[in-house]
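The values are calculated or read from the model by the stated rules, or taken from the named source; none is laboratory data. Small disclaimer: the values here were computed from a predicted structure and weren't measured. Note: ideal-geometry Cβ built from the backbone for every residue, glycine included; neighbour counts use all protein chains shown.
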Amino acid sequence: MNRPAKLMIGLLLCLFALVLLWVFHVALTQPPGARLADLALASLPLSGVTNPVTAVLVNYRAYDTLLELAVLLAALLGIWSLGAATPGFQPAGSALAAMVSWVVPLLILTGGYLLWVGGYAPGGAFQAGALLGAAGVLLRLAGDERAGLPSERAQRRLAVAGIAVFALVGLGTMVAGTGFLTYPQRWSKWLILLAETAATVSIGVILAAAYAGGKPRSRASDGATP
Amino acid sequence: MTAHLLYGGAGILLFVLGVWSFLVHEALLRKVIALNVMGSGVFHLLIAIAERGSLPPDPVPHALVLTGIVVAVSATALALAMGRRLEDEDDAR
Amino acid sequence: MLDSLALAVTVPLLAALLVTALPGRVQTLGVIGAIATALVSLRVTVQVWQHGSLRSDPGGWGAPLGLALQADGLSAALLAMAALVALAISVYATGYFREGERRLHFWPLWFLLWSALNALLLAADLFNLYVTLELLGLTAVALGALTGQREAVAANLRYLLVGLLGSMTYLLGVVLLYAAYGTLDIGLTGAAIRPGPVASAALVLMTGGLALKAAIFPLHFWLPPAHANAPAPVSAVLSALVVKAAFYLILRLWLDVFGAIVTPAAAGLLGLLGAAAVIWGSWRALRAERLKLLAAYSTLAQIGYLCLFFPLLQATPEGPARDDLLAALVLMAISHGFAKAGLFLAAGLVQHSAGHDRIDELGGTAQHLPATTFTIALAGTTLIGLPPSGSFIGKWILMTGAIATGQWWWILVILIGTLLAAAYVFRVLSRAFNEAPTPRRFVTQASTEVPALLLALTSAVVLGLGAQLLWRLMGFGVVA
């Protein structure tokens with residue numbers, strides 16, 4: 001692209017930014033109606049968790065979260081459809097290997113902690129899943145071609161488990177009569193924990209598998225490939 | 001209000017910078033980064049509107065940002081994988 | 001106590017999970033899942049037919065705190081179209097992806113895409129729409145690149161990037177609306193919205209972002225290569241359903257969110273872009289060398305026709321005349337969906353049998369593949385807008401509306417577009433018939449040819465003759 005065109009785009013975008021800033025200012029100075037935040041905070045005791053962000057994610061807007069897990073799965077399936085993963089790096093030296101053997105369990109432990117703490121403080125399935133994914137990334141960097149994950153067959157099942165549990169909980173509550181993804185109040189805490197735990201595992205597996213960058217290659221130890 | 005405008009303005013700046021980079025640069029990696037910068041700009045704005053004075057912050061935009069991040073990660077991963085696939089093919093020639 | 005709206009999203013989702021987890025039985029599970037999904041989708045349409053509209057609140061909180069699913073005549077009609085087209089494509093795919101690795105990749109992504117489509121058509125929440133748009137975009141891109149050829153991967157990577165630019169822009173508009181009105185529900189936002197800079201900015205950002213995804217001229221550059229290089233069943237779904245979904249969303253926003261603030265100038269601009277798309281798309285289709293490229297350019301033109309409705313809808317006051325326009329718009333969208341899906345499936349068969357799809361070298365196709373040629377001819381009837389196709393009625397009402405609102409210039413555009421469409425359809429057919437006839441069987445491979453033929457037949461005959469049902473479904477009085 002030539003210089004004048006770049007300059008032109010730049011100038012237009014500067015103008016665009018100024019207009020946006022003005023619009024944003026106008027939006028903020030409009031007389032606020034009933035704030036959604038008040039409603040969200042007032043309904044918190046009924047939601048089964050005490051962290052308002054977790055309440056929005058897994059209760060008020062749980063359906064969003066269900067679809068978002070599907071987006072993650074779609075990305076992984078898309079990556080797998082492009083071909084096999086590249087071979088991993090060469091095995092790490094002893095210092096790195098020792099560090100990895102320390103850090104990975106720590107990451108998994110911290111992931112579990114974040115999952116549990118998400119009920120009443122910042123944390124939750126996505127943060128925990130991201131840590132698990134990071135553990136997978138570390139393992140692959142240290143020479144494990146498959147980022148610490150099991151065979152393709154098992155990866156497929158782990159990757160769908162989170163959405164499956166979420167969707168089945170939703171269908172279960174529908175059949176039970178409260179409505180799709182509407183937790184009965186007595187059960188809400190445990191149903192949320194169940195759905196979040198499964199989601200954490202799936203998110204971690206999907207992130208690590210996506211980092212491997214392709215369909216897992218089969219190993220002799222896997223037995224028959226599906 | 002000033003804090004809002006500073007924070008929100010930074011978000012708008014990031015968004016517009018991302019658009020600029022997306023339009024001007026050819027390389028895939030730059031375009032993908034540009035899209036992520038745009039995304040960060042939008043998420044910035046969401047965080048900015050969550051806070052209103054002395055009241056407790058609005059959790060809804062916070063949750064939307066978390067959802068948005070996951071969606072952005074997924075799209076980025078797919079774009080990078082497709083880009084690498086193209087590059088591998090070029091290398092093989 | 002079954003919530004059919006939630007089922008229409010979860011059934012294809014569960015089907016996707018099953019075919020992902022059990023790759024050994026992908027074909028059987030795929031067929032069962034496709035039938036189940038089509039049934040739950042059609043159930044929604046039947047219920048809308050009986051009750052007028054449906055709404056459900058996943059989570060039980062209700063708007064504004066929770067999000068809602070909603071179906072009215074507009075979404076129910078498109079939902080039924082998507083169900084029938086997708087079912088036909090599924091049957092075709094069982095024959096097209098017979099064995100091998102690609103079959104394993106196709107089915108899970110296919111069900112995720114179907115799930116995203118249904119979720120998008122039923123969503124009543126602006127942020128939820130963003131998530132469904134992304135799910136739809138990612139699955140469409142992954143499916144489009146499934147051939148693994150370099151051109152396909154490159155074209156779909158560009159589609160992905162452009163789509164992301166579009167959805168980020170859309171999301172920025174949503175953020176502005178939330179900042180000003182404090183709600184994400186479509187109905188509540190529509191009720192609260194006031195003319196002003198925020199609403200105008202959101203209108204521009206959201207429409208612009210979606211126009212990229214709907215390939216509205218001049219933001220269409222990514223569409224022809226992406227659609228022409230995808231595997232045949234995927235091209236069919238991209239052209240018939242995915243592009244329509246983005247267009248549906250523009251329509252939904254203009255009707256339900258921005259209804260109070262849209263100005264004649266804004267609607268006129270969209271109409272003007274539509275007019276340019278009709279002429280440019282038809283012209284390029286006429287000049288295309290390959291059958292699939294022709295089909296892709298013709299999609300641009302068809303989206304253009306749909307845009308022509310906006311200035312007329314804006315200028316027509318509430319009442320039977322406006323209802324007719326709206327129903328005609330949906331009728332044209334649905335007819336085109338069926339016709340284009342049939343055409344792409346038929347193009348895939350031609351490509352498979354001849355080894356290429358270059359139009360000038362199609363000699364004898366009609367003699368070798370009679371059913372496929374017949375499919376192309378039927379789909380062509382709809383693309384031109386000949387009676388008794390649904391798009392004939394659509395164009396008729398479009399022209400009536402143009403005269404009634406004094407905007408006669410759109411008629412010129414429609415006439416030019418129709419002539420060009422006739423030219424490109426006959427160009428294909430004339431090439432297909434240039435060999436001495438040899439008696440062959442009408443149908444050579446039932447599992448792929450019959451779905452394509454049924455789709456084209458629906459568009460050319462059934463929709464035209466049964467158009468009254470659409471008016472009834474949308475809750476309007478029957479056309480005079």
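State all residues of segment A:42-54 that are facing chain B (nearest Cβ under 9 Å) and touching a Phe, Trp or Tyr at 6+ places or on another chain (Cβ under 9 Å); if no residue qualifies, say none. Correct list: A:Asn51, A:Thr54. Note on segment A:134-155: among residues that are in a helix (DSSP H, G or I) and away from chain C (no Cβ under 14 Å), the one that is surrounded by the fewest Cβ atoms within 10 Å (Cβ to Cβ) is A:Leu141. Residue under question is C:Tyr159, and the condition is that it be crowded, with 24+ Cβ neighbours inside 10 Å and closer than 17 Å to B:Asn36 by Cα; does it hold? Taking the combined requirement at face value, the residue satisfies it.
Per-residue answers, yes or no, for (1) in the same structural domain as C:Ala93 (by TED's automatic domain parsing); (2) of a type in the set (Gly, Ala, Ser); (3) in contact with a helix residue (DSSP H, G or I) (Cβ under 6 Å, 6 or more places away or on another chain):
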{"residue": "C:Leu133", "(1), (2), (3)": "no, no, yes"}
{"residue": "C:Val141", "(1), (2), (3)": "no, no, yes"}
{"residue": "C:Val153", "(1), (2), (3)": "no, no, yes"}
{"residue": "C:Arg158", "(1), (2), (3)": "no, no, no"}
{"residue": "C:Ser167", "(1), (2), (3)": "no, yes, yes"}
{"residue": "C:Ala199", "(1), (2), (3)": "no, yes, no"}
{"residue": "C:Ile216", "(1), (2), (3)": "no, no, yes"}
{"residue": "C:Ala228", "(1), (2), (3)": "no, yes, yes"}
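Counting the residues of segment B:78-89 that are more than 7 Å from every other protein chain (Cβ to nearest Cβ) and of a type outside the set (A, V, I, L, M, F, W, C) gives 2. For segment C:286-376, the helices (runs of 4 or more DSSP H) that sit wholly inside it and include 1 or more residues that are within 26 Å of C:Ala275 (Cβ to Cβ) are C:291-315, C:320-354. When B:Ser21 is tested against (1) more than 7 Å from chain A (Cβ to nearest Cβ); (2) surrounded by 21 or more Cβ atoms within 10 Å (Cβ to Cβ), just one condition goes unmet, and that condition is (2). Scanning segment A:84-113 for residues being buried (at least 18 other Cβ atoms within 10 Å of the Cβ) and within 14 Å of another protein chain (Cβ to nearest Cβ) gives a total of 1. Checked against the criterion of being surrounded by fewer than 20 Cβ atoms within 10 Å (Cβ to Cβ), under 21 Å from C:Ala16 (Cα atoms) and over 14 Å from the mean Cα position of the chain (by Cα), the candidates A:Leu194, A:Leu181, A:Leu168 yield just one match: A:Leu168.
Scanning segment C:385-438 for residues that are within 22 Å of the chain's Cα centre (by Cα) and closer than 21 Å to C:Arg358 by Cα yields a count of 5.
From the list B:Ala92, B:Ala75, B:Ala3, pick out the single residue that is within 10 Å of chain A (Cβ to nearest Cβ) and out of contact with any His (no Cβ under 6 Å at 6 or more places or on another chain). One residue alone meets the criteria, B:Ala75.
When each of C:Ala63, C:Ala34 is tested for being at pLDDT 95 or above and either assigned to a helix (DSSP H, G or I) or outside the structural domain of C:Ser235 (by TED's automatic domain parsing) (or both), the lone residue that passes is C:Ala34. Being touching a residue at least 60 places away in the same chain (Cβ under 8 Å), over 26 Å from A:Leu158 (Cβ atoms) and among the polar types (S, T, N, Q), is that true of even one residue in segment C:67-77? For segment C:67-77, residues touching a residue at least 60 places away in the same chain (Cβ under 8 Å), over 26 Å from A:Leu158 (Cβ atoms) and among the polar types (S, T, N, Q): present.
Within segment C:202-220, can one find any residue that is closer than 15 Å to B:Ile49 by Cβ and assigned to a loop (DSSP other than H, G, I, E, B)? Within segment C:202-220, none of the residues are closer than 15 Å to B:Ile49 by Cβ and assigned to a loop (DSSP other than H, G, I, E, B).
If you filter segment C:119-151 down to residues that are in a helix (DSSP H, G or I) and more than 11 Å from chain A (Cβ to nearest Cβ), you find that the one that is surrounded by the most Cβ atoms within 10 Å (Cβ to Cβ) is C:Leu121. Looking at B:Val71, B:Val24, just one residue is at pLDDT 90 or above, aliphatic (A, V, I, L, M) and under 30 Å from A:Pro52 (Cβ atoms), and that residue is B:Val71.
I'd like to verify a number: residues in segment A:171-205 that are over 21 Å from A:Asn51 (Cα atoms) and within 11 Å of chain C (Cβ to nearest Cβ), how many? Number satisfying all stated conditions: 10. Among the residues here, C:Leu74 qualifies as more than 14 Å from every other protein chain (Cβ to nearest Cβ) and either assigned to a helix (DSSP H, G or I) or surrounded by fewer than 24 Cβ atoms within 10 Å (Cβ to Cβ) (or both). Out of the residues in segment A:12-41 that are away from chain B (no Cβ under 11 Å) and exposed (fewer than 14 other Cβ atoms within 10 Å of the Cβ), which is farthest from A:Tyr120 (Cα to Cα)? Once the filter is applied, the top-ranked residue is A:Pro31.
Being of a type in the set (A, V, I, L, M, F, W, C) and in contact with a Gly (Cβ under 6 Å, 6 or more places away or on another chain) is a description that does not apply to A:Val56.
Among the residues of segment A:88-130, the ones that are closer than 19 Å to A:Ala195 by Cα, in a loop (DSSP other than H, G, I, E, B) and among the hydrophobic types (A, V, I, L, M, F, W, C) come to 1 in all. Take the conditions (1) in a helix (DSSP H, G or I); (2) within 12 Å of chain C (Cβ to nearest Cβ); A:Ile9 misses just one of them, which is (2). Just one of the listed residues (C:Leu171, C:Leu176, C:Leu188) is within 12 Å of chain A (Cβ to nearest Cβ), surrounded by 23 or more Cβ atoms within 10 Å (Cβ to Cβ) and aliphatic (A, V, I, L, M), and it is C:Leu176.
The condition of being crowded, with 24+ Cβ neighbours inside 10 Å, touching a helix residue (DSSP H, G or I) at 6+ places or on another chain (Cβ under 7 Å), assigned to a helix (DSSP H, G or I) and touching a residue at least 24 places away in the same chain (Cβ under 8 Å) holds for only one of A:Val58, A:Val71, that being A:Val58. The conditions of being more than 14 Å from chain C (Cβ to nearest Cβ), aliphatic (A, V, I, L, M) and surrounded by 18 or more Cβ atoms within 10 Å (Cβ to Cβ) are met by A:Leu131.
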